[in-house]
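The values are calculated or read from the model by the stated rules, or taken from the named source; none is laboratory data. On a predicted model such as this, the values are computed, not experimentally measured, just so you know. Note that each Cβ is placed from the backbone with ideal geometry, even for glycine, and that neighbours are counted across all protein chains shown. Areas reflect the complete protein model, heavy atoms only, side chains present, ligands, DNA and RNA absent. Shrake-Rupley method; radii C 1.70, N 1.55, O 1.52, S 1.80 Å.
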Amino acid sequence: MQAHGFSKPLLKVEKLTKFFGPNQALNEVSFELFPGEVLAIVGESGSGKSTLLNCINSNIDFDKGQVHFQSQALGSVNMGELSEVNQRLIKRTEWGFVHQNARDGLIMNVSAGANIGERLMSLGHRHYGKIRATAIESLAEVEIDANRIDDLPLNFSGGMQQRLQIARNLVTHPRLILMDEPTSGLDVSVQAKLLDLLKRLTQNRGLAVLIVTHDLAVARLLADQMMVMQNGKVIESGLTDQILDDPQHPYSQLLVSSILQN
Ligand code: ADP
Ligand code: MG
């Protein structure tokens, strides 16, 4: 997308293509994401945004294309060619995934602390006291009071559930987080606070983030770079401010003039 000196892309997606039966959900999507960069993927409902994230995260198989990741533990890897064990290792340590619906990213009937601890235990951590202390730190980072550590996510508000999902992801210090509409469905004031938190976390931690949103204000606030999708294709990409202020593609122009926002 841009010149980044000598740094290598953290994530490099090449010609990702996905069909659901005759319906092409992704049409040769390619992009690069550099360390610490936030890239927003925007487009109307059905344009392929969630499918793109799910293919990158190996949640669903794709038909063509490649997903390269610069792993700290394993070096440069092609996610599609990794063993399941190594794929899982990367997804549990160096990557995070924040789902649109908290119930897809949390275990709703075990405590908040256990939701965070589970990610550590899956990596072999066994010391109960240390896991609990780490969970408390993680909760603090997303501004959840420590006295809620034994509460079930079921009893959390929507905004708190999203915070807990984020805490669970952050506990292993990932360098890349994929987020699918993390603030949609929340009240406007709750949304604003969550966005502030996300902004702060990505900046403080130098996180690379791939965030799907249909809300251009979210893209404007969080993302350096932006990619506009239509019918499974990237039709425009570049600096967020540039695209929002001066969209080139007719579809981006419609999107920005808010006719297509939903
Ligand atoms: P977005 O997240 O941008 O709203 P999606 O990635 O969910 O879009 O969907 C892209 C296209 O793929 C849509 O036409 C949708 O109907 C189709 N699609 C998504 N998931 C499935 C699925 N599991 N089975 C069949 N079609 C799907
Ligand atoms: Mg979606």
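Each Lys or Arg adds one and each Asp or Glu takes one away; over the other residues whose Cβ falls under 12 Å from the Cβ of I90, this sums to +2.
Given a cut-off of 21 Å, name the pairs among K12/K91; K8/K199; K199/K233 whose C-alpha atoms lie farther apart than that in the structure shown. In this structure, K8/K199; K199/K233 exceed 21 Å between Cα atoms. Among V29, V212, V188, the largest mean-square fluctuation in a Gaussian network model of the chain (Cα springs under 10 Å) belongs to V188. Computed with a 1.4 Å probe over protein heavy atoms only, the accessible area of K199 comes to about 60 Å². Between G232, G96, G185, the residue with the greatest mean-square fluctuation in the GNM of the chain (Cα pairs under 10 Å linked by springs) is G185. For the residues Q165, Q66, Q248, a GNM of the chain with alpha-carbon springs under 10 Å puts the largest fluctuation on Q248. Among Y128, Y251, the order of accessible area from largest down is Y128, Y251, computed with a 1.4 Å probe on protein heavy atoms. Taking all protein chains together, F19, F69 sort by accessible area into F19, F69, largest first [probe 1.4 Å]. Beta bridges assigned by DSSP with both partners in the chain are antiparallel in approximately 55 percent of cases. By the helix-only formula, in which each DSSP H run with n ≥ 4 contributes -39500 (n - 2.57) and the sum is divided by residues, the chain has a 222 nm mean residue ellipticity of -10500 deg cm²/dmol.
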